[in-house]
Each structure stands twice: as structure tokens, then as C-alpha cells.
Amino acid sequence: MKTTLLKLSALCLATTALAPVPLLAKHHEAGAMHAMETIDIAATNAALAAAQGRSDEDKARDAERKPAEVLAFLGLKPGDNVLDLIASGGWYSVAAAIATGPEGKVYAHNPAAALQLRDGAYEKEINARLAANDLPQIERLNREITDLGVANDSIDVAITALNFHDVYNSYGAVAATGMLLAIKAKLKPGGTFGVIDHVGDPDGDNEANHRMDPALAVAVAEAAGFIVERDDDLLAGEGDDHGKTVFDPAVRGKTDRFVLKLTKPE
């Protein structure tokens, strides 16, 4: 996703022309408000396991990625509108569609550069995955992040998985804040943006390793005016020393991952 995100981050710079946002956010303990209204984790896990359109490989990823638990942490409710930002092959789009149910809506977003990577590998993958699962609540959104075609204040939950580090590492805090502001505009008041990424050490070579210091992600989220909740335990990886590239066979698919729940103030 490196090439895609370099293009994406450059586009996001345009959003930083918005008026500065006060640093209002404060950290909170993990655990969503209105927890009783969120999806039922056990029922969602059962639905994900039973979904006939999901391949055995896709289902096997649930153990590490914990989609039901992550979406519950983000406050997803049945019938919510979801934006899967830079969906790539659409694994999370399908999981979110099953979680929100037939009354909900999931936008599976990809910019043009993502769909052109590796001779169109992600285009082929998402086409096959959506065809196999036949979930009418999913809508493809092939647009740039600065022109999503989604109304402001219309999304309940947005999510981006393992993408944010490339924006920050390549273009810095300005571009990263700009990206967050662009998505914040699409969220309903009280809506949330989930950012999942590989944990990097503060003094590590995170650009080379495709990682990110979680504290830097928190800082730019606060600069964008989000209320920040950070969970370092939900997607903790076993045996990841944070010093290896995420593509190293010793840690690939098993990295420590932080999850940020970024809430747009009401």
C-alpha cells in the first residue's frame, strides 16, 4: 500500500487549509460509551464463522484480526453506516457488512492507485470477495479521499487498517492530520474513526519497518480535534519486538497492533 498512500497523503494536504482545531481531546479508558447499544460480539463472531461466502482463509484471519471485538470497541451498532477507508481487497468491508447487518451500509473505498497496484491485484481480490459474499449493503467507492462522494455528517463508523503509518512516515504530521480532518467531516457528530496500525518504537526506523509510534498517531488525532481512546491490548501480537519489518516471516501477520477509537465531538 506504500505507493497508494503516498499519493493519498499528498492529496490530504489540501484539507489542512481548514481553520486550526483546538486540542480538545483527552484520553479515556478503553470501553465505549453506550456499550449496550453496540453489536453483540459473540453473535457477530458466530455470524462471521457461519457466512457461506467467506473463504476458510478469510475466516482464519478472524483469530488475529478480531473484527467483532474491534468493531464493538468502535461502537458499531446494527444498521450503522460504515466507511472502510482504503479497503484494498475488502476483507474488513465484508466483516463490517455482516456486523452491521442488512439494514446497514458499508462503503468499500479505494483510490485509483490502490486498484492499480500489482497489476490490479486488489481490484481482482475485492471483486471476487464481494461476488462470493453477495452482501447488498456493500457499495464500492472508487474515489480519491478528497472527493469521496459521501455526504458530510453521514458516517457512523469509519475504519482504516494498516494504512496510516505510510501517510505519517512519508509526509509527516501535516498530511496525517489532513487525512483525519477529511474523514472527520464525513462522520456524524459522535461518530468514530478506527485506526489500526503496526506498533513501532519511538526511536525505531518505523518508515523502513512500516510501523508507527502510537503516541504520534494520538498526537495528530488530537490535533484534528478527535476524542481519543487507545487500546494496545486488543490486537497485541505475540513475540513482536517492534524492531523488525512487518514483512519479516517471524512477525508477519502477528505484529503488535494498536487500535485508536477517534470520536467526533457532538
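Find all pairs meeting these conditions: Cβ atoms under 6 angstrom apart; at least six residues apart or on different chains; first residue within segment 240-266 and in contact (Cβ under 8 Å) with a residue 24 or more places away in the chain and among the polar types (S, T, N, Q); second residue open to solvent by 30 Å² or more (accessible area, probe 1.4 Å) and not in a loop (DSSP other than H, G, I, E, B).
Thr263/Ile227
Among the numbered criteria (1) farther than 22 Å from Pro189 by Cβ; (2) open to solvent by 10 Å² or more (accessible area, probe 1.4 Å); (3) in contact with a strand residue (DSSP E or B) (Cβ under 9 Å, 6 or more places away or on another chain); (4) of a type in the set (Ser, Thr, Tyr), which single criterion is violated by Tyr107?
Exception for Tyr107: condition (1).
Checking Gly194 against (1) at pLDDT 95 or above; (2) more than 22 Å from Gly104 (Cβ to Cβ): exactly one of these is not met. Which one?
Here Gly194 meets the rest and fails (2).
Looking only at helices (runs of 4 or more DSSP H) that fall completely inside segment 54-106, which ones have 2 or more residues that are within 13 Å of the chain's Cα centre (by Cα) and at pLDDT 95 or above?
Here the list reads 67-73, 91-100.
Quick grid of which residues meet (1) out of contact with any strand residue (DSSP E or B) (no Cβ under 7 Å at 6 or more places or on another chain); (2) within 15 Å of Leu260 (Cβ to Cβ); (3) not aliphatic (A, V, I, L, M):
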| site | (1), (2), (3) |
| --- | --- |
| Phe164 | no, yes, yes |
| Gly172 | yes, no, yes |
| Gly194 | no, yes, yes |
| Asp197 | no, yes, yes |
| Asp233 | yes, yes, yes |
| Glu238 | yes, no, yes |
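As an exercise: evaluate Tyr92 against (1) touching a Lys or Arg at 6+ places or on another chain (Cβ under 9 Å); (2) surrounded by fewer than 18 Cβ atoms within 10 Å (Cβ to Cβ) and give the number of the one condition it does not meet.
It is condition (2) that Tyr92 fails.
Between a residue in segment 125-141 that is farther than 11 Å from His109 by Cβ and any residue that is among the charged types (D, E, K, R) and open to solvent by less than 60 Å² (accessible area, probe 1.4 Å), which pairs come within a Cβ distance under 7 Å, given they are 6 or more apart or on different chains?
Every condition considered, the pairs that remain are Asn133/Arg54; Gln137/Lys105.
The values are calculated or read from the model by the stated rules, or taken from the named source; none is laboratory data. None of these values were measured; they are calculated from a predicted model. Here Cβ is always computed from backbone atoms with ideal geometry, including for glycine, and neighbour counts include all displayed protein chains. For accessibility, only protein heavy atoms count, side chains too; no ligands or nucleic acids. Shrake-Rupley method; radii C 1.70, N 1.55, O 1.52, S 1.80 Å.
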